[in-house]
Amino acid sequence: MNEEQASAQELPAAPGETVALPPPPALPTGGDVLIAGGIPLATFAAIFLAERALSHGGGKEAAAKALGITFVVVAIVVQNLFLLLCVFLAARRKRRNIRELLGLVPAKWWHVLGAVVLGLLAGPILSWAVELLQVALGYARHTPGAEILAPNGFSWSAFIVMVAAAGVLAPITEEVLFRGIVFGWLRRKISLFPAVLLSAAAFGAAHFQPDPGEAIAHMTYAFGVGLFLAYIYQRAGSLWASIAMHVTINTIAVSYVYLSLREGAQLDQL
């Protein structure tokens, strides 16, 4: 049953009177997923190829030297703003309510607070679990994405800019896409548990890295984060709660990398 049919239904209220039923929530459709996910995927691929061209296949050290902080921040900002544009275009299909479609409805303060607390716990726990996985598989323990977060080493200006770009902007757009659009579409197609797993798998796949050890760590970590975020979104009924948790997790990760570098650690030691 589509929204137009549902909104046209009427419920008898009293003899001779009828009351129109409100339309159901404007859950995302497959077309929304194609627009909001498929188009930005091309930009992600272009940025990935540009990063590979800059690093010239020289491994992590060469990539860190080639990728200046300006390039990384511009790439994050451009791809996320473009992703938001695609999501907006998808949401405007059939002139639906964008806030309702994406789950950007008001959240209760205790849901947001609980999401922040869970983020403070989930980030370090998942990082520890990924380190154990790396050791078990014979790879060196390494923080996924450290070279991307701090390609030029430590500076306070780079730290502040990266917190804004990777700690705040990226989580907002990723939540809009992966929980608001992808998870929202899956919920209307399949039951809750498979929807959580598949949306988390998509989120993990989006964090692919060319290095096998890095890929396993980064994608596994993102998959675990995706499970928590889908749970929080479903529990709170608002995307603001999962955004709060995601911002908390990413800000902790950025802070860990930069503060460790400030204390004298090297990128390959993180």
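The values are calculated or read from the model by the stated rules, or taken from the named source; none is laboratory data. Here the structure is a predicted model, which means the values were calculated and not measured. As a convention, Cβ positions derive from the backbone with ideal geometry for all residues, glycine included, and neighbour counts pool all protein chains shown. What goes into the accessible areas is simple: the full protein's heavy atoms, side chains included, and nothing from ligands, DNA or RNA. Shrake-Rupley method; radii C 1.70, N 1.55, O 1.52, S 1.80 Å.
If we keep just the residues of the stretch 127-148 that are open to solvent by 30 Å² or more (accessible area, probe 1.4 Å) and among the aliphatic types (A, V, I, L, M), which is nearest to the chain's Cα centre (by Cα)? For the stretch 127-148, the residue satisfying everything is 148. Considering the stretch 108-126, and only residues there that are farther than 17 Å from residue 168 by Cα and not hydrophobic (A, V, I, L, M, F, W, C), the residue that is most open to solvent (accessible area, probe 1.4 Å) turns out to be 108.
In the condition set (1) polar (S, T, N, Q); (2) open to solvent by 50 Å² or more (accessible area, probe 1.4 Å); (3) modelled with pLDDT under 90, residue 220 is compliant with all but (3). On the given criteria, is residue 98 open to solvent by less than 30 Å² (accessible area, probe 1.4 Å) and at pLDDT below 80? Criteria not met by residue 98. On the stretch given as the stretch 151-167, residues that are of a type in the set (Phe, Trp, Tyr) and buried (at least 16 other Cβ atoms within 10 Å of the Cβ) total 2. Residues in the stretch 237-247 that are buried (at least 24 other Cβ atoms within 10 Å of the Cβ) and polar (S, T, N, Q): 242 alone.
Please tell me if residue 105 is open to solvent by 30 Å² or more (accessible area, probe 1.4 Å) and assigned to a loop (DSSP other than H, G, I, E, B). When the stated conditions are applied, residue 105 passes them. So how many residues does the stretch 225-236 have that are open to solvent by less than 10 Å² (accessible area, probe 1.4 Å) and more than 10 Å from the chain's Cα centre (by Cα)? Residues meeting the conditions: 1.
Annotation note: of 179, 188, the sole residue that is surrounded by fewer than 16 Cβ atoms within 10 Å (Cβ to Cβ) and closer than 29 Å to residue 99 by Cβ is 188. Taking residue 263, is it charged (D, E, K, R) and surrounded by 16 or more Cβ atoms within 10 Å (Cβ to Cβ)? It is false that residue 263 is charged (D, E, K, R) and surrounded by 16 or more Cβ atoms within 10 Å (Cβ to Cβ). Within the stretch 164-182, residues that are aliphatic (A, V, I, L, M) reach partners that are outside any helix (DSSP H, G or I) and buried (at least 24 other Cβ atoms within 10 Å of the Cβ) with beta carbons closer than 9 Å, at six or more positions or on different chains, in the pairs 176/103; 181/28; 182/28.
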